[in-house]
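Presented below is the structure to which this report refers.
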Amino acid sequence: MLVVIALGFSMAIMISIPAGIMANQKATEQLSANYNAYIGDMEEEINKTLTLIQCSLSRGFAQNRPGFMTTTESFLNETAVNDISAIEGVKDVLPFLEKTEGTLQTRETPRGTFEMLVPEYTIVGIPLNDAYIDNYGVLPKDVTEGRNLEEGDSGVVLLSLNNTEYFGVGVEDRVNILGSYFTVIGVYETSDRLGLRKLYMDISDAQSVTNLEGQISRIDVYAEDQSYVGEIVSEISSLYPEFYLTTYEERLSQIERMSGMYETTLENAEATLGQTQAVAYQEIAVAIVATSLIVLFTMLYTVRERTQEIGVLKAIGFSNWSVMSQFMLEGVFMSLIAAVVGISIASIGAPVLSSLLLPSATSSPTSGMQGRQTFIPGLSLQTAAAAPDLQLMLLTLGAAVLLGALGALYPAWRASRTSPMEALRHE
Amino acid sequence: MSDLVLATEKLDKVYKLKGRQVRALSDVNLQIKKGDFISIMGPSGSGKTTLLNVLGCLDKPTYGKVILDGVDVTKVPEKGLFKMRKYKVGFVFQTFNLMPYLNAIENVELPMEGTKKPRSERKKRAHDLLSMVGLAERKDHRPSRLSAGEQQRVAIARALANNPAIVLADEPTGNLDTKAKSEIVRLLGKLNIDQGTTIVMVTHDSHMAARASRMLFLNDGKLLAKEKQGTHLLKKEFTCPYCGKEIEPDDTFCPRCGKKL
């Protein structure tokens, strides 16, 4: 019994480690794909907006590190829109209100406790003006159900597909957002790789529902021509020195910085993964050797204990081969039972076992990070949950048969070679 | 010649024990006919067990021939000997040597494993054999739940499983109390008379040895020339001539009618 449990553990290790590695690998691959797509999207967006100057009170996508952004959401007064419109060379001024609703979570990390906003959905208030909608692509394009927002819409909302799941509503249903009811006018397929659920509505609806009357979070200023951008920036800066302004060049360099940061993270993750794999191979090798040795010694002991029985079997006409195969079968059977035990242990304890045995591939928050962080689901390397799949389990059963046979080979051979006379005399 | 089941010619067996040569058997010439019930007696170390091992194909003689059921065993290669043991010989041991994890009927079936007999036939044969030794109702009991005498009866049934040419019993009564001893010897005698089973029994108990039809004596590995007739001759001697009740061969008074036999 003890032997079976010991064997079971050794097999559980054999399963858990590959499971852990596979999970980590998958997580890294997913992360890499997400990063690349995200950067691609951003670059594409930036290239389209050469004449755009974004004004806000915060740095927008100021990121402390990949996967988290500081969301000191701050709002500015709407009156700025009129002031900026009056500047020479300004073509259009678009106010936006974006507010993320979510729950605050406290995360315990080895480096301290952080309060983090886990976003649930983001309300995006848009100036519903046909000219803006047509020229600046302020609304999502791929509406799959119902219709898109239009000029003059009020009391209606455009939901992302993942939002319909979150709220449990569909087109033409009424949805309760922060205590007010809106009609779902349409649903769009989200291309948001960060997994943030965005819902679009008229800006004045957004202001009233979020209790931010007369306030906006961002102003998009479009110049007549790219040559006006510099002048407009200095004009706005003198009017509103507290504004943080970004132009095409700045946004591009920002995205490059971000891209660099992501790449470092990925490289780190891959390096850790490499180390992890090296450790894992060693551990698997140890587990395999341990399994065979346990079978070997158990069977040797068994053969010794049952010498007389072997003598009797031979005396009543069992051939060497049938004695040997009987002990081989016993070894294989023992290791098969152990494999089943091992699989059971692993299916419950794989995450624990693999995290115990493998160096962690997850990046933990860097020190010195303060304030409230928003966790971006798609861009963080999360603790990969190791779960053994069916293929791995079958592989283990196969390995059990093989290792059981291997371990039992010598003891069974010894049993078959026992002289019946000697064996019968054995006490 | 045809009714000779077992014959040995100039059998020698020499062991090396701690660098010293020990001659366990020396020039043993033995002829056993079909239906014989032979007891071999001799003091400890006289080579009784060695002789039995050689006869039962567990051991090879250093010199000489063993002809078992017409086959010269000494010419059979080591790898083929198991077949002789399986089909020609049935062993009964002093310590019974039943498999503790098998019940009575499974123990009897064991030698039939690997034979061409279908499973149902094996089961039936094992059941018949257990009935013959009087243990049909105890077939599902494991050895630990059987008395010593019962265990030895199961072992005898096991020895008969493949209908061997000869049954070799090595001190079959050595571990039994007096009552069980006579039971076992009676059973062996009955098998010999009813089924014609050829039996060679090694013992140092002269009382038990006397129940065989022939008594042979072994001393220092040599078969002595003197031979004795045993009391076990005919079936009628097992019943009281006055009342017909079954009696022990060595009873002097009938246990039922009390008359002197």
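Points worth noting:
- Subset of region B:156-184 [assigned to a helix (DSSP H, G or I), among the hydrophobic types (A, V, I, L, M, F, W, C) and over 24 Å from B:Leu68 (Cβ atoms)]: B:Ala180, B:Ile184
- Scanning region B:63-96 for residues that are of a type in the set (Ser, Thr, Tyr), crowded, with 16+ Cβ neighbours inside 10 Å and either closer than 16 Å to B:Leu30 by Cβ or in contact with a helix residue (DSSP H, G or I) (Cβ under 8 Å, 6 or more places away or on another chain) (or both) yields one hit, B:Thr74.
- Screening B:Ser131, B:Ser144 for residues that are away from chain A (no Cβ under 14 Å), surrounded by fewer than 19 Cβ atoms within 10 Å (Cβ to Cβ) and within 21 Å of the chain's Cα centre (by Cα) leaves exactly one candidate, B:Ser131.
- Any chance B:Arg125 is within 14 Å of chain A (Cβ to nearest Cβ), within 22 Å of B:Pro111 (Cβ to Cβ), assigned to a helix (DSSP H, G or I) and basic (Lys, Arg): no
- Selected residue (only one of B:Lys33, B:Lys10, B:Lys79, B:Lys18 is closer than 26 Å to A:Leu313 by Cα and among the charged types (D, E, K, R)): B:Lys79
- Search result, residues across region A:286-320 that are in a helix (DSSP H, G or I), closer than 30 Å to B:Thr49 by Cα and more than 9 Å from chain B (Cβ to nearest Cβ): A:Leu300, A:Tyr301, A:Thr302, A:Val303, A:Arg304, A:Glu305, A:Thr307, A:Ile310
- Every condition in (1) in contact with a Cys (Cβ under 8 Å, 6 or more places away or on another chain); (2) under 24 Å from B:Leu176 (Cα atoms); (3) more than 9 Å from chain A (Cβ to nearest Cβ) holds for B:Val89 except the one numbered (3).
- A:Asn135 vs. criteria surrounded by 19 or more Cβ atoms within 10 Å (Cβ to Cβ) and part of a helix (DSSP H, G or I): no
- Condition met for A:Ser253 (more than 33 Å from the chain's Cα centre (by Cα), among the small types (Gly, Ala, Ser) and farther than 21 Å from A:Pro95 by Cβ): no
- Yes/no for B:Arg211 being surrounded by 16 or more Cβ atoms within 10 Å (Cβ to Cβ), of a type in the set (D, E, K, R) and assigned to a loop (DSSP other than H, G, I, E, B): yes
- Answer from A:Glu249, A:Glu283 - the residue that is part of a helix (DSSP H, G or I) and over 30 Å from A:Glu29 (Cα atoms): A:Glu249
Every residue, every condition in (1) within 29 Å of the chain's Cα centre (by Cα); (2) more than 20 Å from A:Val229 (Cα to Cα); (3) at pLDDT 80 or above; (4) among the hydroxyl-bearing types (Ser, Thr, Tyr), yes or no:
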position	(1), (2), (3), (4)
A:Gly8	no, yes, yes, no
A:Ile46	yes, no, no, no
A:Arg59	yes, no, no, no
A:Met69	yes, yes, no, no
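- Test: B:Lys60 is within 14 Å of chain A (Cβ to nearest Cβ) and basic (Lys, Arg): yes
- Qualifying positions in region B:92-115 - among the aliphatic types (A, V, I, L, M), in a helix (DSSP H, G or I) and facing chain A (nearest Cβ under 9 Å): B:Leu110
The values are calculated or read from the model by the stated rules, or taken from the named source; none is laboratory data. Just so you know, these numbers come straight off a predicted model, no measurement behind them. Neighbour counts are summed over all protein chains in view; Cβ atoms, including those assigned to glycine, are modelled from backbone coordinates with ideal geometry.
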